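Shown next, in structure tokens, is the structure this report addresses.
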């Protein structure tokens, strides 16, 4: 018990300090291709990381669509990276946020998944890593910055201005209104994709009731026919399940008193509201 209390106290101090540091940054830059991956947005990693950061209240932007102030002052933002320590049996990911001097400001707990299908496995592992952000109540607190050097943004090329924090502002300025989602270039072959962050109007609502029947490690959801619509399996997170259906693999989770099924159709993140009776 004493060890658990000490560990809890340590984690509280760590994440409290991390929150103070994260509040210094206006943006989080999400690369179209993370260093440990061969392709842009491989296994939907970039779109999912950006989506989850925005759910946590951060202003996340892609590395090829920086706002004007961030282009001029790289130290307004942190650069996100997704470390991949996966092996043959387990998908393992960690979220790392670095400042303009390449210093690690935040490192998440390692998220893991044993799902065999890659997109679903990385989705579950990334979401588990993002649990580390639950203790962070982010609110941007602007500071004055002074340019000191030019450094490359990433191994992909391009140069940006690096600045150093000097004096904290006496009065906080209102945050700049979020920029509307724009169509962005996904590949050198000019294949484009849009920000797929779902909004309430995009959420599909299921009209039929699904009945949960207990199976090993989870439930099967059947309609009134009865036909098995989905099989959902318990994860290490409460009220979060990995889901398998006919051509649809994703996550089922409980939020604000409702159940949602989240999955990808091509490159588009789709969210469907479910009516489940347990």
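Brief remarks follow.
- From the list 189, 214, 172, the lone residue that is modelled with pLDDT under 50 and over 30 Å from residue 32 (Cα atoms) is 172.
- Test: residue in region 63-74 that is farther than 15 Å from residue 21 by Cβ and out of contact with any strand residue (DSSP E or B) (no Cβ under 8 Å at 6 or more places or on another chain): yes
- Residue list for region 28-39, restricted to those being in a loop (DSSP other than H, G, I, E, B) and surrounded by 18 or more Cβ atoms within 10 Å (Cβ to Cβ): 31, 32, 33, 34
- 2 or more residues closer than 18 Å to residue 114 by Cβ: qualifying strands (runs of 3 or more DSSP E) within region 228-276: 228-234, 240-245, 249-255
The values are calculated or read from the model by the stated rules, or taken from the named source; none is laboratory data. Computed from a predicted model, the values in this text were never measured in an experiment. No Cβ is skipped: glycine too gets one built from the backbone with ideal geometry, and neighbour counts run over all protein chains shown.
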